[in-house]
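What follows is a single structure, written as structure tokens, with notes after it.
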């Protein structure tokens, strides 16, 4: 158990809908990262937050947004969902935004029908 | 998009054999190279990592070899065991004040008895 929690574990929804994925980092970790892992694909970095502020952006679609709250938990919002958005979404946290090891959560499996 | 190319995509090794996974990167600004291990249904977990100022790092049965001039690094798993069967991701990080990670596409390792 990495100490990073993600909810929900599974999510099934329809095209065009909007969903919110939630992540709680390890106690003491200030940085949160979101990744997308499609079937048979590698991990695509989406976005990073550090202590409430956006720090880095990767391949995040405009339909997707994220935020980190004062209690350091983070939410990833996915809107106007398409079939191709079906994937595993991982959250990771680290102590800082530098070279600290990233600890990954168990992921949320999103299925868009 | 900074790329990290990983090969092979899949690998089958006999128990007791050596598993070798290779990665190549382009951006010389990368300054930290971790390997992650992912079991089915789980998030990736840090296995071992290296910085470009050393050519080799060993932790138990796992060794990273790093060739800075060739911009290549590899993971060697000695005495491979069925419990090592997992997907392995190499990654490259440019710290630069914050951590932006580029992952390889992953190698699915199967160790057969």
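Quick note: the coordinates plus some simple rules give every number you see, no bench work behind them. Because the structure is predicted, anything quoted here is derived from the model rather than measured. Virtual Cβ from ideal backbone geometry, glycine too; neighbours counted across all protein chains shown.
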Worksheet item: Just to be sure, is residue A:42 touching a residue at least 12 places away in the same chain (Cβ under 8 Å) and over 11 Å from the mean Cα position of the chain (by Cα)?
Response: no
Discussion item. Condition (residue is under 21 Å from residue A:88 (Cα atoms), surrounded by 13 or more Cβ atoms within 10 Å (Cβ to Cβ) and touching a residue at least 24 places away in the same chain (Cβ under 8 Å)) applied to the range B:6-14: is it met by at least one residue?
Written reply: yes
Worksheet, complete the sentence: So the strands (runs of 3 or more DSSP E) completely within the range A:73-113 holding 3 or more residues that are within 9 Å of the chain's Cα centre (by Cα) are A:74-78, A:87-94
Discussion item. For the range A:55-65, which positions are in contact with a strand residue (DSSP E or B) (Cβ under 8 Å, 6 or more places away or on another chain), within 24 Å of residue B:3 (Cβ to Cβ) and more than 10 Å from chain B (Cβ to nearest Cβ)?
Written reply: A:60, A:64
